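The next block holds one structure in the form of structure tokens; read it before the comments.
Just so you know, all these numbers are worked out from the coordinates, no wet-lab data involved. What you see is a predicted model; the values in this text were computed from it and never measured. When we count neighbours, we look across all protein chains shown, and the Cβ atoms used for this are built from the backbone with ideal geometry, even at glycine.
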Amino acid sequence: MENKGVGIFDSGVGGLTVLKEIRKLLPGETLYYLGDTARVPYGNKSKDTVIRYSIQNTRFLLKRGIKLLVVACNTSSSYAMDTLRKEFSELPIIGVIEPGSRQAIEASKSGHIGVIGTKATIKSNAYKNTISILDSKARVYQQACPLFVPIVEEGMHRSKFAHEIAKYYLEPIKKYHIDTLILGCTHYPLLSSVINDVMVNNVKLINSGKSVAKKVYEYLLGHNMLAKARKGGVEFFVTDAPEQFKKISRLLLSEDINDHIKEVVLEDE
Ligand code: DGL
């Protein structure tokens, strides 16, 4: 079991923000990352479609031989987690909603927490519901930011345009005097500096990557499933446009992944 890898998927490059933290904490593990770049963004799709895509992604990664799956996508975590856990009951699956919610509750002093995410994640109320179970006193204010994902996928996250769009989305949420803001989409940490600029008043940004990585570590340790190797590796799979994926991953991971990336076609069912 310890020789198997850890599977990670997202609709595109966003999940790399989670992969980066997993790699830091667990350098001995072999990681398989799938970015479903042919079908990004997931955040504007219906629940049924996101569930179907998530099942296909999981099947693909299972074929690589994985001992644990990380759903490094808030949209899939919001819509598909229950189905994935039922459908793949033997496979341990870790999503991003619960770790991010816990991190936000711990960070917030006022209990006024903002959540930004895709349309689907916001519509699902996944964060709102999870936070209210964990802390009934917390207040949650949500805002969908549908243009953020294409901005990141295009590598425009440091542009003036990104700043203008961030202003458009975030100004309304400022009136709630939140002290903590959950980046409820794994693409958004790339926009952290732009978001920080707009929020100005010292709002803590929550990127769940670290706490997800910690959860993976604790699970593998607790179940005696940690890799024995000192040095693991990563294989990347994308369903379209590897060049664009390589470009963004170079920015994010500060390395070339040229020899470790493959374009693949996912099976229908
Ligand atoms: N990065 C994903 C998320 O965390 C998906 C965004 C999208 O494809 O719309 O929600």
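Counting other C-beta atoms within 10 Å, and keeping those with at most 11, which DSSP coil GluC sites (Glu not before Pro) do you find in region 69-129?
Glu90
Pick from Tyr219, Tyr188, Tyr168: which residue has the top mean-square fluctuation in a GNM of the chain where Cα pairs under 10 Å get a spring?
Of Tyr219, Tyr188, Tyr168, the Gaussian network model singles out Tyr168 as fluctuating most.
What ratio of Cα Rg to 2.2 N^0.38 Å holds for region 12-71?
1.20
Need one number: convex hull volume per residue for the chain, Cα atoms only, in Å³.
119 Å³
Estimate the FRET efficiency between Ile133 and Arg85 by the formula 1/(1 + (r/R0)^6), using the beta-carbon distance for r and 25 Å for R0, to the nearest 0.05.
Step by step, r from the Cβ atoms, then E = 0.90.
If packing is taken as the mean number of other Cβ atoms within 10 Å per residue, what is the order of 93-100, 58-65, highest first?
93-100, 58-65
Quick one: of Lys123/Lys262; Lys24/Lys137; Lys20/Lys215; Lys175/Lys214; Lys24/Lys215; Lys63/Lys210, which pairs are farther than 23 Å apart, Cα to Cα?
Table pairs above 23 Å Cα-Cα are Lys123/Lys262; Lys24/Lys137; Lys175/Lys214; Lys63/Lys210.
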